[in-house]
Amino acid sequence: MVGLGLFFGIILAIAYRFLRVEEDPRIEKVDEMLPGTNCGACGEPGCHSFAEKLAQNVQQPSGCTVASPDAIEMIADFLDVDPGKQEKRVARLHCAGGKAQAHQFAEYQGFESCHAAAQVSGGGKGCSWGCLGLADCEQACTFDAIQMNKNALPVVEIDKCTACADCVAACPRDLFEIVPLSHKLFVQCSIPLEGDAARVLCATACDACERCVLDAAPGLLRMENNLPIIDYTASGSAKPEATFRCPTGAIQWLEGAQFEEKSQTRTDDPYARFL
């Protein structure tokens, strides 16, 4: 047995000596320049993996949404590559049905977790597609970018959000989506019902009236499963006018964070909520 162990040890040592692949020395340097959060927002499992892709010129430094502009420039200068264009992305929630809007048919009492509540009759919420409001997303956010408001809805702080998608993974109802901040037209509902069937569940539910589709630029919006789908690749540009005739406020024009008081207020003047 000792002889066999020694034999295989020698074979492994020889294989390591002659078959190993030398790592690009720039990778370690770039890894040190990255923030080290290993959040995955760049699409890679960690900062070291992202550094490898940068050294191979497969990714651009701007792909790191956590690094500062100065850090991105420093990495680009070190690798002598184009830093790329960094477009701010942020987590948005496809639901505006908080405690004041969504119908409750029972009171959930148990472990304070959206995942736990979802297993117990949906947490007592009449809408089985809506936010449960028990802060799994807040707890999952590494960057402390999510705070639950008094209406039991998550407010994402734009400056802190790095688009890491931890909240996307944490939400048991798949309500979060990572979108470019420039995509201001956003649907805050996930109920696949229409008319009274939707409105009886939540005051801010989309009732599939299709007014937003008619008022938007041609091709920008289409209806699928009784919900408006926004196609930002369409020829027409998104404008606030698409939200003006929405009877429930299910589709919003977001200038800042979701669920800020100014973005949720409805008045007789359709332009007032964008001032």
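Brief remarks on what is shown
- Each helix, a run of at least 4 DSSP H residues, gives -39500 (n - 2.57); summed and divided by the residues of the chain, these come to -7000 deg cm²/dmol at 222 nm.
- Whether region 89-253 is rounded, prolate or oblate, judged on the alpha carbon gyration tensor where a/c under 1.5 counts as rounded: oblate
- Phi to ³J(HN,Hα) by Karplus 6.51 cos²θ - 1.76 cosθ + 1.60 over region 132-145, Hz, x for Gly, Pro: 8, x, 9, 6, 4, 5, 4, 6, 7, 6, 5, 9, 6, 9
- Region 86-142-region 189-203 distance, computed between alpha-carbon centres (Å): 17 Å
- For region 145-193, fraction of C-alpha pairs farther apart than 15 Å, in %: 54 percent
- All Cα pairs of region 44-86, percent lying beyond 17 Å: 17 percent
- Förster-model FRET efficiency, 41 Å R0, D70 and L6, C-beta, rounded to 0.05: 0.15
- In this view, the solvent-accessible surface of H115, computed with a 1.4 Å probe and all protein chains in place, comes to about 90 Å².
- Cβ crowding within 10 Å averaged over residues, with 130-137, 148-155 ranked highest first: 130-137, 148-155
- By the beta carbon rule, with partners counted only under 4.7 Å, the chain holds these lone Cys residues: C42, C47, C64, C114, C127, C141, C161, C171, C202, C209, C212, C246.
- Computed in the context of the full set of protein chains, the accessible area of the chain at 1.4 Å probe radius has 54% of its extent on carbon or sulfur.
- Overall shape: prolate for the chain, with the ratio a/c of the largest to smallest alpha carbon gyration tensor axis at 1.5 or above and a/b above b/c.
- A protection proxy built from the mean count of other Cβ atoms within 10 Å ranks the segments 68-76, 38-46, most packed first, as 38-46, 68-76.
- Rounded, prolate or oblate (a/c below 1.5 giving rounded, otherwise prolate when a/b exceeds b/c) for region 28-142 by Cα gyration tensor: prolate
The values are calculated or read from the model by the stated rules, or taken from the named source; none is laboratory data. Model, not experiment: these values are computed from the prediction. Note that each Cβ is placed from the backbone with ideal geometry, even for glycine, and that neighbours are counted across all protein chains shown. In case anyone asks, the SASA skips ligands and DNA or RNA and just uses the protein heavy atoms, side chains included. Shrake-Rupley method; radii C 1.70, N 1.55, O 1.52, S 1.80 Å.
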